[in-house]
Amino acid sequence: MVICYDQIDSTNRVAKELVLKGKPSGTIVRAERQLAGKGQYGRNFISPVGGLYFSLLLQPDLQLKYLPLITLATGLACREVIFSICGLPTQIKWPNDIYLADKKVAGILCENVIFNGLEKKSPTVVIGVGLNVNNTLSNFPPGIQPIVTTLFEHLHEQLDIDTLFSSLVTSIVKNSASLGADRQAILARWQKFDYLANKAVVHTAGLVTRKGTGCGISSEGYYRIMDDHGDEHCIVGGQLRLQS
């Protein structure tokens with residue numbers, strides 16, 4: 001079931017409400033435009049007309065500790081579909097951004113639905129995807145134009161968003177299922193497109209800031225950085241970005 005809106009505040013917000021109302025796995029909320037799209041760390045995800053914005057309800061057959069890997073599987077799906085349909089080589093910035101020519105072209109936000117402080121035995125993950133497709137840079141606020149891009153800016157032609165949508169959903173579901181069957185194969189494929197690998201990065205968590213070099217993900221999906229003293233650290237949360 002796909003529930004479509006011309007305009008909405010956030011597809012993830014509506015999708016989470018639908019989980020609480022008992023809507024089944026596979027239900028999708030899609031919008032032509034979001035007025036308050038949700039990004040990581042509570043930021044807004046700018047969502048002008050011309051992009052692809054949707055949230056997929058999914059009940060993966062995974063142990064709770066592996067649910068965060070859904071974000072990585074989704075990022076890999078985005079990368080693979082963009083390359084398959086557009087021929088554009090994107091990279092994945094851990095944990096949830098897709099980069100094209102060093103600029104952000106897509107973002108992912110996965111949220112687990114909580115019931116009375118406890119997760120259901122079969123937890124539902126709301127997988128939110130925002131992909132800049134037929135937008136132009138002029139559709140975005142001036143302040144973020146230097147750091148974002150769109151597929152149109154590289155192809156110089158309009159794409160069939162419905163085709164992208166169908167392919168993306170299929171690939172996300174397939175990759176998520178593969179996590180249960182062969183988790184390490186998905187992580188190995190992800191590593192090939194790691195945007196931060198071998199680059200100088202900085203990690204901030206609360207008041208603690210650590211600089212180092214990106215070293216890829218661990219077998220649990222955590223990001224690894226090597227600090228200036230040669231010590232390796234596994235990053236679970238916080239903000240990880242390139243050093244300026």
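The values are calculated or read from the model by the stated rules, or taken from the named source; none is laboratory data. Just so it is clear, the structure is predicted and the values come from calculations on it, not from any experiment. Methodologically, a virtual Cβ is constructed for each residue, glycine included, from the backbone with ideal geometry; neighbour enumeration extends over all protein chains shown. The accessibility values were calculated without ligands, DNA or RNA, using every heavy atom of the protein model including side chains. Shrake-Rupley method; radii C 1.70, N 1.55, O 1.52, S 1.80 Å.
Observations on the structure shown:
- Residues that are modelled with pLDDT under 95 and in contact with a helix residue (DSSP H, G or I) (Cβ under 7 Å, 6 or more places away or on another chain) number at least 2 in the following strands (runs of 3 or more DSSP E) confined to the range 91-137: 103-112.
- Residue within the range 225-239 that is without any contact (Cβ under 8 Å) to a residue 24 or more places away in the chain, exposed (fewer than 14 other Cβ atoms within 10 Å of the Cβ) and under 21 Å from residue 76 (Cα atoms) present: yes
- Qualifying residue in the range 202-211 (condition: among the charged types (D, E, K, R), at pLDDT below 95 and either closer than 17 Å to residue 97 by Cβ or touching a helix residue (DSSP H, G or I) at 6+ places or on another chain (Cβ under 8 Å) (or both)): no
- Breaking point among (1) open to solvent by 80 Å² or more (accessible area, probe 1.4 Å); (2) within 22 Å of residue 70 (Cβ to Cβ), for residue 183: (1)
- Given (1) open to solvent by 20 Å² or more (accessible area, probe 1.4 Å); (2) within 27 Å of residue 154 (Cβ to Cβ); (3) at pLDDT 90 or above, index of the condition residue 50 fails: (1)
- Residues being of a type in the set (Phe, Trp, Tyr) and in contact with a strand residue (DSSP E or B) (Cβ under 6 Å, 6 or more places away or on another chain) - total across the range 44-86: 3
- Of all residues in the range 137-162, those satisfying the criterion of being of a type in the set (Val, Ile, Thr), open to solvent by less than 60 Å² (accessible area, probe 1.4 Å) and either closer than 15 Å to residue 104 by Cβ or more than 21 Å from the chain's Cα centre (by Cα) (or both) are 144, 148, 149, 150.
- Cross-chain or 6+ apart pairs with Cβ under 7 Å, the range 53-73 first and closer than 14 Å to residue 236 by Cβ, then assigned to a strand (DSSP E or B): 67/112; 67/125; 71/108; 71/110
- Scanning the range 140-198 for residues that are among the polar types (S, T, N, Q), part of a helix (DSSP H, G or I) and touching a residue at least 12 places away in the same chain (Cβ under 8 Å), we see that the one that is farthest from residue 31 (Cα to Cα) is 184.
- Options 175, 134; residue that is touching a Phe, Trp or Tyr at 6+ places or on another chain (Cβ under 8 Å) and closer than 29 Å to residue 2 by Cα: 134
- Of 91, 7, all but one fail to be under 27 Å from residue 204 (Cβ atoms), of a type outside the set (Lys, Arg) and open to solvent by 40 Å² or more (accessible area, probe 1.4 Å); the exception is 91.
- Enumeration of residues in the range 94-112 that are open to solvent by less than 20 Å² (accessible area, probe 1.4 Å), in contact with a Ser or Thr (Cβ under 7 Å, 6 or more places away or on another chain) and not aliphatic (A, V, I, L, M): 96
- Number of residues in the range 188-202 that are under 15 Å from residue 80 (Cβ atoms), crowded, with 16+ Cβ neighbours inside 10 Å and more than 15 Å from the chain's Cα centre (by Cα) equals 1.
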